[in-house]
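Read through the structure below, which is laid out as structure tokens, and then see the notes.
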Amino acid sequence: MTNRPLEYYMGLPYRVEIYPEEEGLTAIVPDLPGCMTCADTLDALWAAIREAKGLWLETALLEDMPIPEPPEMKPETYSGKFVVRIPRSLHRRLAERAAREGTSLNQLVLMLLSEGASRSGASLAKTRSMPSADAPLRVAEDKERYE
């Protein structure tokens, strides 16, 4: 198999899993075995993910290793946006927490929703026991899609 240029692979939508840790966050790119990084904030994590992915891909290209491509995604049926009304007090608490953590309100809410969805088995229709606290947050690499 002949590999393509680095720019090709860097542009692919590899899935990223983010795990909250006691001191920061850890990110793993499951389709690139061993590709992982960590950072203190979500904003710092995005840059670290891009760097780790680039280094993993550069090494694979230099070693002439096969590079897996992410599985094909289904056509988008959801826009990625919805409006939800929340109490002002909750809005204030979320905004204050985002400021303390040095991230945007959108990124904080995305992280909290992802964590809740992974704990509930990503299905609000089913009632199951909660998975372990090690269940990852699933976040697309392209953070601009969520802002």
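Values quoted throughout were computed directly from the atomic coordinates according to the rules given, and no laboratory measurement underlies them. Note that the structure is predicted; figures quoted are calculated from it, not measured. Methodologically, a virtual Cβ is constructed for each residue, glycine included, from the backbone with ideal geometry; neighbour enumeration extends over all protein chains shown.
Tabulated results
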| item | result |
| --- | --- |
| Whole-angstrom gap from the range 11-37 to the range 84-113, using each part's C-alpha centre | 23 |
| For residue 41, residues with placed amide H under 5 Å, excluding near neighbours | none |
| Simple spin-label estimate for residue 99 and residue 84 in nanometres, 7 Å along Cα-Cβ | 2.2 |
| Cleavage-rule hits (chymotrypsin sites (Phe, Trp or Tyr not before Pro)) in the range 1-104: DSSP loop, at most 15 neighbouring Cβ within 10 angstrom | 78, 82 |
| log₁₀ of I(q)/I(0) at q = 0.28, 0.29 Å⁻¹ - the range 52-106, Debye sum with one point per alpha carbon | -1.08, -1.11 |
| Per-residue ³J(HN,Hα) for the range 26-31, Karplus 6.51 cos²θ - 1.76 cosθ + 1.60, θ = phi - 60°, Hz, x for Gly and Pro | 10, 10, 10, 9, x, 6 |
| Proximal charge balance of residue 34 [Cβ under 14 Å; K/R count +1, D/E count -1] | -3 |
| Amide hydrogen neighbours beyond the local backbone of residue 15, cut-off 5 Å, H modeled | 31 |
| Linear extension gain, residue 3 paired with residue 64, 0.36 nm per residue minus alpha-carbon span | 21.2 nm |
| In sequence order, calculated HN-Hα J values of the range 3-10 (Karplus, 6.51, -1.76, 1.60; Hz; x Gly/Pro) | 6, 8, x, 3, 4, 4, 5, 5 |
| Using a Förster distance of 22 Å, the FRET efficiency for residue 77-residue 31 (Cβ separation, nearest 0.05) | 0.45 |
| Lys/Arg +1, Asp/Glu -1 at C-beta; the range 1-98 dipole; positive extreme among 32, 52, 89 | 89 |
| Rounded FRET efficiency, nearest 0.05, which uses the C-beta distance separating residue 50 from residue 92 and R0 of 30 Å | 0.35 |
| Trypsin sites (Lys or Arg not before Pro) within the range 40-106, DSSP loop, no more than 12 other Cβ atoms inside 10 Å | 81, 85 |
